[in-house]
Amino acid sequence: MPTAIAVTSADLVLPPTDPGTPRATVLPPPEGRPLDASVADVQQLLTRYGHVVVVCPTSVPAAVEHRLHAVRSLLESDRIALVRTDLPPLGAAVLVRQLCLLAGYDFSPGVLASAARLLAHYIYAGAVLGSVSRLDRVPVGLGSHLKSWLPGAHFAVLAAPTPQIVRVGHGEGTLAGPEFATELLLARGQLQTDWPTATLVPRWRIPGPVQEAALPAASPGWWGTGKLVEFAAYLPDPSVLHQLVASVRRETCHWCGMDLIGDRCGFCAAPLTAVEPGGGTYAGTEGGGAYAGARAAGPYADSRAVAPRAADPRALDPRVAGPDGAPAPRALGPVPHPTRALGTGAHTPRALP
């Protein structure tokens, strides 16, 4: 029985890549919907699937998050995972589709929930904007703010995994892209530009064709303008995603007993702990030889535990392999260490609440 993937908005549900892929369930917003109806929606999913992973962007209204916590509390269920993501809307939709793909495999609910942070680190999500004057989710320098007032100024912005901003068409460089084979998804707003297909695709060495989707309703608010073209580069092959997640060592949550990968449980958010020589527990650090200085104290405690290196997506992707199955000579350099996506000390790009 596959784990149910649920989302807080219909904009997070992209068309499936094949008819056999499970679809995410949309949980209706709390506006005008009584609490008992929301409880019944989730209870039905639990009855049918056993476990539910709810993907909830950090940009949703506070009422949505409060409703989800209220539902989980009323059901008194430890089988509901609330996975937060700070990816922009189109990138979050790609993450949801990848989780739906993996839900069809034999991963346990705990591994599936905690894999969201790992997968998000391999999604390059950004947009071409007509102005960055109202962009507050990516650091914007004073120079870029001033240039926003120039007529016809366009900016290429990468929100994840590493924020970047460059001005389009003025020799100010380009966005640093993925070092492994990806596909590109576009969602067009009110801005008329072919920069993603004419410039980004060849520089990021993305094979065609470029896929297009409807612009999520939340995108103009997230990016601060409706004059945009949003894009997301991602790993498209289900077998590559499966091997990427399967290559990371599995642990058992000391709090709820769920399987997990990385340093934090996707269901209860408790940090991974290790056994101390004297019999106690401590939060591990990168390198494994030092104490984090704080005892694990149940869910939401701080943790800097490290997971082993996952498989290199370039070696897993058949499109970048040579005829004998070995990686092709055009290797694009080292892939970012996946432990940084799973919560490794100061390198943690996004942490679950």
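Residue by residue, here is whether (1) modelled with pLDDT of 95 or more; (2) in contact with a helix residue (DSSP H, G or I) (Cβ under 8 Å, 6 or more places away or on another chain); (3) closer than 23 Å to L241 by Cβ holds:
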{"residue": "V26", "(1), (2), (3)": "yes, yes, yes"}
{"residue": "D36", "(1), (2), (3)": "yes, no, no"}
{"residue": "A63", "(1), (2), (3)": "yes, no, no"}
{"residue": "E76", "(1), (2), (3)": "no, no, no"}
{"residue": "A81", "(1), (2), (3)": "yes, yes, yes"}
{"residue": "P89", "(1), (2), (3)": "yes, yes, yes"}
{"residue": "A92", "(1), (2), (3)": "yes, yes, yes"}
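In the stretch 98-109, the residues that are within 13 Å of P236 (Cβ to Cβ) reach residues that are aromatic (F, W, Y) and not in a helix (DSSP H, G or I) with C-beta atoms within less than 8 angstrom, at least six apart or across chains, in these pairs: Q98/Y234.
Can you pull out the residues in the stretch 52-71 that are in a loop (DSSP other than H, G, I, E, B), touching a residue at least 40 places away in the same chain (Cβ under 8 Å) and not hydroxyl-bearing (S, T, Y)? Correct list: V60 only. Within the stretch 127-137, is even one residue of a type in the set (G, A, S), within 20 Å of S9 (Cβ to Cβ), open to solvent by 10 Å² or more (accessible area, probe 1.4 Å) and not in a helix (DSSP H, G or I)? Taking every residue of the stretch 127-137 in turn, none turns out to be of a type in the set (G, A, S), within 20 Å of S9 (Cβ to Cβ), open to solvent by 10 Å² or more (accessible area, probe 1.4 Å) and not in a helix (DSSP H, G or I). Taking the criterion of being modelled with pLDDT under 95 and open to solvent by 30 Å² or more (accessible area, probe 1.4 Å), the residues of the stretch 12-22 that qualify are P15, P16, T17, D18, P19, G20, P22.
Here is a yes/no grid of residues against (1) farther than 22 Å from D86 by Cα; (2) open to solvent by less than 30 Å² (accessible area, probe 1.4 Å); (3) hydroxyl-bearing (S, T, Y); (4) modelled with pLDDT of 95 or more:
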residue: A176; (1), (2), (3), (4): no, no, no, no
residue: E183; (1), (2), (3), (4): no, no, no, yes
residue: A187; (1), (2), (3), (4): no, yes, no, yes
residue: T193; (1), (2), (3), (4): yes, yes, yes, no
residue: P207; (1), (2), (3), (4): yes, no, no, no
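Within the stretch 23-71, can you find the residues that are loosely packed, with under 15 Cβ neighbours inside 10 Å and either in contact with a Leu (Cβ under 6 Å, 6 or more places away or on another chain) or of a type in the set (S, T, Y) (or both)? Those that are loosely packed, with under 15 Cβ neighbours inside 10 Å and either in contact with a Leu (Cβ under 6 Å, 6 or more places away or on another chain) or of a type in the set (S, T, Y) (or both): T47, T58. Among the residues of the stretch 195-205, the ones that are free of Cβ contacts under 8 Å to residues at least 60 places away in the same chain and open to solvent by 50 Å² or more (accessible area, probe 1.4 Å) come to 4 in all.
With the condition kept exactly as written, say whether any residue in the stretch 69-92 is on the phi > 0 side of the Ramachandran plot and not polar (S, T, N, Q). Looking for residues that are on the phi > 0 side of the Ramachandran plot and not polar (S, T, N, Q), one finds at least one in the stretch 69-92, hence yes. Please verify whether the stretch 75-86 includes one or more residues that are in contact with a Ser or Thr (Cβ under 8 Å, 6 or more places away or on another chain) and not charged (D, E, K, R). So far as the stretch 75-86 goes, yes, one or more of its residues are in contact with a Ser or Thr (Cβ under 8 Å, 6 or more places away or on another chain) and not charged (D, E, K, R).
S114 falls short of the stated requirement of being among the small types (G, A, S) and surrounded by fewer than 23 Cβ atoms within 10 Å (Cβ to Cβ). Could you list, in sequence order, the residues of the stretch 72-89 that are more than 13 Å from the chain's Cα centre (by Cα), part of a helix (DSSP H, G or I) and either crowded, with 24+ Cβ neighbours inside 10 Å or among the small types (G, A, S) (or both)? S73, the sole residue that qualifies.
For the stretch 90-105, check the following and say yes or no: at least one residue is assigned to a loop (DSSP other than H, G, I, E, B) and more than 21 Å from D41 (Cβ to Cβ). Scanning the stretch 90-105, I find at least one residue that is assigned to a loop (DSSP other than H, G, I, E, B) and more than 21 Å from D41 (Cβ to Cβ), so the answer is yes. Within the stretch 224-262, count every residue that is open to solvent by less than 10 Å² (accessible area, probe 1.4 Å), within 19 Å of the chain's Cα centre (by Cα) and at negative phi. Counting residues in the stretch 224-262 that are open to solvent by less than 10 Å² (accessible area, probe 1.4 Å), within 19 Å of the chain's Cα centre (by Cα) and at negative phi gives 12.
If you check G104, G152 for being modelled with pLDDT under 95, at positive phi and open to solvent by 30 Å² or more (accessible area, probe 1.4 Å), only one passes: G152.
The values are calculated or read from the model by the stated rules, or taken from the named source; none is laboratory data. Note that the coordinates shown come from a computational prediction; the quantities given were computed from them, not determined experimentally. Cβ sites come from the backbone with ideal geometry, for glycine too, and all protein chains shown count toward neighbours. In case anyone asks, the SASA skips ligands and DNA or RNA and just uses the protein heavy atoms, side chains included. Shrake-Rupley method; radii C 1.70, N 1.55, O 1.52, S 1.80 Å.
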